[in-house]
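Data first, discussion second: the structure below is written as structure tokens.
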Amino acid sequence: MQSRPVQENKPAVSQAAPPPQAGPNLAQRRLTQDGFTPDTRSRQAQSLFGGTPTPYQPLPTGTPAGGTSAPGGGGPVLTPNPTVPVVTTAPPGQAATTVSPQVQAALDDINAYQPASQPIGLASALKEHGSNSPEDVAFRRELMTALGPDRVAELMGHVSAMPSDGPDIARTVLTAATEAFPVADQGKLVKALGPEMLGAALATGVEAAGSPDTVGRDAALAQMQGLAKMVGDLSALPAGAPGQAEVAGALDRLKNNEQFCKGPGVTTAAWLVANSGNDALKSSFANGYLEAYKADATSLSPEEARAVAWTLGSMTPSATNGLDTLLALPQAERSGFLTALGTAPEGAGAAPELKNTGVFFQQDVQAGVNGFLEDVANLDPSRFPTGQQQAARELRIETFQKVSLAVDSPFFGDSAETHLALAHMFEKDTAGIINASADSKEPLMDIEGKALAKFFDHVAFRGEAGRDIVMEAVKQYLGTGDRVGIVDTLVEGKGDVEFMKARGNLLARDLGFVLGALGVGSQSAMASLDSEEARKKAIVTVLGSLVETAIEANPAVSGMYSKIKDGSAGEVSVDKVFNWLGEHFGVTTEGATDASKEGIQTLANVLIHASWRPFFGNDALQGASPADLTPLYELVNGGVALADGYVDPNLNTGGAPRN
């Protein structure tokens with residue numbers, strides 16, 4: 001395409017002859033239709049979308065030809081295309097020397113507006129070429145380069161006087177700037193906008209990206225991800241760079257709820273920071289709240305705690321994943337922070353982030369916090385400084401306990417993602433979680449096993465996302481089948497006094513504690529599951545795994561059980577294995593396994609009781625002293641009582657009802 005000299009950087013209309021065109025463009029058609037000439041000396045500024053605005057009237061809403069309207073009107077959402085190399089701009093304050101006829105026509109159209117309304121013309125031209133086709137990307141970059149960053153910044157200075165549609169104009173022009181200008185020049189535009197208009201543009205943009213009602217939501221999301229990265233890029237510039245103060249001011253307006261948002265402003269700010277790609281900004285955002293929290297333990301709201309968790313969870317993977325920030329908190333404050341993650345205002349019925357906000361925004365918030373939980377699950381204490389390694393272990397244990405107790409809270413909502421994160425925590429440190437929970441002198445003692453029991457109840461029995469992970473960890477811990485675990489160690493020790501002193505006492509207590517919690521969890525789940533098929537499947541897949549050696553040894557059900565484990569079995573197979581369990585373990589009513597809530601609760605206790613069987617095998621008893629075995633059994637019973645609050649003089653299996 002032939003190039004020609006630029007006729008821009010001044011408000012008057014160029015006197016050069018217009019380039020040949022197949023017909024009038026969108027702006028010219030609308031201007032002619034409404035009876036205006038392109039002579040700015042004899043008219044007010046004319047919007048592309050109808051009406052006769054004053055020089056400061058915001059862009060009216062509507063759907064121009066050539067694109068789908070964004071939620072606030074003004075045409076298609078302009079999405080960044082980072083795959084095309086950035087065009088080198090002209091020196092500051094100067095335009096490129098030549099442009100294509102198409103871009104020159106757009107410049108002429110922009111000049112047809114009064115100076116204060118020229119941002120409308122620029123945004124309209126950009127939206128008219130808003131796709132990611134190579135032609136439209138090239139047009140946008142050529143147009144922005146022709147204007148130059150200083151001229152565009154001058155236009156952006158007028159946008160603050162357009163409260164209704166200024167945010168949409170700002171997002172459109174800033175998105176084009178991220179394609180065409182270096183970061184430092186993007187800062188000039190942001191500086192000209194000011195923190196108030198920037199905050200409005202970002203807040204309404206995040207809202208549109210999170211709403212299922214947004215037409216072209218994927219484009220709106222891509223646009224805001226690009227602008228969030230711009231926020232991160234500007235924050236990374238040397239101190240005092242243009243745009244930095246405005247970015248900080250816009251985020252502060254959100255955090256302080258000075259900018260209207262449908263959800264908490266801090267959560268909108270967290271969305272931007274989490275998507276910024278700037279770990280320093282994320283760390284600063286989180287530390288600001290945590291430092292205030294250390295000074296005043298009442299200063300941190302639940303939504304602020306979740307915003308901190310989200311930003312920490314979004315950091316680039318590293319040795320500590322930013323979790324060392326939490327380890328610097330005193331234990332009491334760290335405990336309070338973890339409790340706050342699952343807290344919602346009393347009587348609210350939902351966490352503030354999940355009320356009156358778009359479903360995709362809600363999913364982002366929950367995914368962000370669950371991502372943090374996965375980081376906690378996967379932390380490696382050995383990669384932390386020596387003085388923080390024990391605190392890192394405790395962080396995972398306490399996070400497991402606090403979130404297990406809040407797993408069905410209005411925020412976590414028993415989601416599959418939360419179940420998976422908890423399952424991964426339990427998998428990574430099964431023995432550590434059980435031991436700390438059972439230790440009555442441990443500050444992390446799980447009183448009456450409430451956290452562990454609720455974890456088994458919701459994650460293993462009721463939910464399915466983390467069930468297999470949990471039960472594989474339990475089987476490994478106990479030593480089910482050909483695995484070697486805590487039961488094997490205790491059986492081999494035969495209650496020997498020296499063995500019990502060295503480690504057997506603790507192992508016996510811990511065994512009882514996990515059995516007690518498993519029993520309580522099973523009773524609660526079976527009482528809550530109204531579906532008979534769901535109860536059967538939970539018993540077969542969860543507690544059946546504790547006796548899988550017996551199941552797999554029976555050819556009548558072993559094949560069906562294998563299909564149940566790999567997820568390919570139907571209800572018929574579940575029914576047959578369930579009935580076999582009742583028959584094999586003697587829990588039947590009139591020859592049939594009782595699938596009622598009460599019947600399955602009885603079967604659950606019997607299956608957990610089967611964990612005692614190895615202690616009464618020939619190998620376990622041969623050569624053992626009864627005087628040694630009795631204290632061993634009592635210690636296991638005592639551990640069960642720690643978890644369920646009920647002392648049974650017989651062999652205790654847990655699951656005692658609670659008042």
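Highest first, please rank the peptides 635-641, 519-525, 289-295 by the mean number of other Cβ atoms sitting within 10 Å of their residues. Provide the component values of the computation, followed by the final result.
Numbers: 635-641: 23.9, 519-525: 26.4, 289-295: 15.9.
Highest to lowest by the protection proxy: 519-525, 635-641, 289-295.
Go through VAL407, SER382, ILE434 and say which Cα lies farthest out towards the positive end of the charge dipole of region 346-441; charges sit on Cβ, +1 for Lys and Arg, -1 for Asp and Glu. Most positive-ward Cα: SER382. The local environment of ASN321, defined by Cβ-Cβ distances under 13 Å, has a net charge of -2 under the rule Lys, Arg +1 and Asp, Glu -1.
A straight line joining the Cα centroids of region 497-531 and region 414-492 runs 10 Å.
If a/c stays under 1.5 just call it rounded; otherwise compare a/b with b/c (prolate if a/b is bigger, oblate if not). Do that for region 213-263, with a ≥ b ≥ c from the square roots of the Cα gyration tensor eigenvalues. Spell out each step's value before the answer.
Numbers: a/c = 3.95, a/b = 1.40, b/c = 2.81.
Here region 213-263 falls in the oblate category.
Taking other residues whose beta carbon is less than 12 angstrom from the beta carbon of MET224, and scoring Lys, Arg as +1 and Asp, Glu as -1, yields 0.
Determine, at each q value in 0.12 (inverse angstroms), the log₁₀ of I(q)/I(0) that the Debye formula gives when each Cα of region 99-261 is one equal point scatterer. Per q value, in the given order, log10 I(q)/I(0) is -0.49. Only Lys, Arg, Asp and Glu carry charge here, each on its Cβ (+1 for the first two, -1 for the last two); on that basis region 99-261 has a dipole of about 300 debye about its Cα centre.
Residues of region 231-247 with an amide N closer than 17 Å to a point placed 7 Å from the Cα of THR316 along the Cα-to-Cβ direction: 231-238.
Starting from the Cα-Cα distance between ALA239 and ALA161, subtract it from 0.36 nm times their residue separation and give me the gain in nm to one decimal. Result for the pair: 25.2 nm of gain on full extension.
Just so you know, the Cα atoms of region 532-615 work out to an Rg and Dmax of 11.8, 35 Å. If R0 equals 22 Å, the separation of the Cβ atoms of ALA610 and ASP408 corresponds to a calculated FRET efficiency of about 0.15. Placing dummy labels 7 Å off each Cα toward the beta-carbon, the span from ASP213 to SER440 is 5.8 nm.
Taking 0.36 nm per residue of sequence separation and subtracting the Cα-Cα distance, how much length would be gained by fully extending the chain between ALA184 and ILE447, in nm to one decimal? Intermediate results must be reported in sequence, preceding the final value.
On the way: separation 263, 0.36 × 263 = 94.68 nm, distance 5.63 nm.
Here the answer is 89.1 nm.
Computed over region 405-557, the range of Cα coordinates on each principal axis works out to 48, 47, 25 Å, biggest value leading.
Assuming charge only on the beta carbon of Lys and Arg (+1) and of Asp and Glu (-1), the dipole of region 219-312 about its Cα centre is about 200 debye to the nearest 20. The modelled label-to-label distance between GLN331 and SER301, using points 7 Å beyond Cα along the C-beta direction, is 3.1 nm. The mean sequence distance of close C-alpha pairs (under 8 Å, at least 6 residues apart), as a share of the length of region 99-261, puts its relative contact order at 21 percent. Calculated FRET efficiency, THR630 to ALA367, Cβ-Cβ distance, R0 = 56 Å: about 0.60 to the nearest 0.05.
Expressed as a whole percent, the accessible surface of region 99-261 that belongs to carbon and sulfur atoms is 54, based on a 1.4 Å probe. Under a model in which nothing but the beta-carbon of Lys, Arg (+1) and Asp, Glu (-1) is charged, region 532-615 shows a dipole of about 220 debye around its Cα centre.
The values are calculated or read from the model by the stated rules, or taken from the named source; none is laboratory data. Being a predicted model, the structure only gives us computed values, none of them experimental. A quick note on method: Cβ atoms are made from the backbone with ideal geometry, for glycine too, and the neighbour counts reach across all protein chains shown. These accessible areas exclude ligands, DNA and RNA; they are computed on the full protein's heavy atoms, side chains included. Shrake-Rupley method; radii C 1.70, N 1.55, O 1.52, S 1.80 Å.
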